[in-house]
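Chemist: My questions all concern the structure below.
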Amino acid sequence: MTRQALVAWLRSRVPAPPAGLRTHLEATAGDSAEPLPEHLARLGQEVLARVAREPAGGRELALDLLAADALVTYAFEAQVELDPAGLVPLAERVEAGGEP
């Protein structure tokens, strides 16, 4: 999926996220050969890992935490749209930190 297609998909979500969060989500978007659910889950895990590397961080990390949560939530939403039977395997991969 191209970055442009991912941004378009994010913008199609209802309800739309607040503008600041939407901008933050779009900033994480990039091209990927992964299926959309996998790509979103990986982006969410990457953002969360970035937060985890800042143990002394405070409120300035709140938007990153919201973005990580939204990306993983959107991963499950995308999986439902693609094939609901893939929810359990996706949840298992997310729980394992992206490992197969």
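Chemist: Being on the phi > 0 side of the Ramachandran plot and either assigned to a helix (DSSP H, G or I) or surrounded by 13 or more Cβ atoms within 10 Å (Cβ to Cβ) (or both) is the filter here, so list the residues in the stretch 84-100 that pass it.
Modeler: Across the stretch 84-100, the qualifying residue is only Gly98.
Chemist: Moving on. Looking at the stretch 79-87, is at least one residue under 13 Å from the mean Cα position of the chain (by Cα) and under 23 Å from Gln4 (Cα atoms)?
Modeler: Looking through the stretch 79-87, at least one residue is under 13 Å from the mean Cα position of the chain (by Cα) and under 23 Å from Gln4 (Cα atoms).
Chemist: What number of residues within the stretch 64-79 are surrounded by fewer than 16 Cβ atoms within 10 Å (Cβ to Cβ) and in contact with a helix residue (DSSP H, G or I) (Cβ under 7 Å, 6 or more places away or on another chain)?
Modeler: Adding up the residues that qualify gives 1.
Chemist: When the residues of the stretch 15-34 are filtered to those that are of a type in the set (Gly, Ala, Ser) and in a helix (DSSP H, G or I), which remaining residue is farthest from Leu61 (Cα to Cα)?
Modeler: Here the answer is Ala19.
Chemist: Here's a follow-up. When only residues in the stretch 4-53 that are of a type in the set (Lys, Arg) and surrounded by fewer than 13 Cβ atoms within 10 Å (Cβ to Cβ) count, which is modelled with the lowest pLDDT?
Modeler: Within the stretch 4-53, the match that is modelled with the lowest pLDDT is Arg53.
The values are calculated or read from the model by the stated rules, or taken from the named source; none is laboratory data. Everything numeric here is computed off the predicted structure, so don't read it as measured data. Neighbour counts are summed over all protein chains in view; Cβ atoms, including those assigned to glycine, are modelled from backbone coordinates with ideal geometry.
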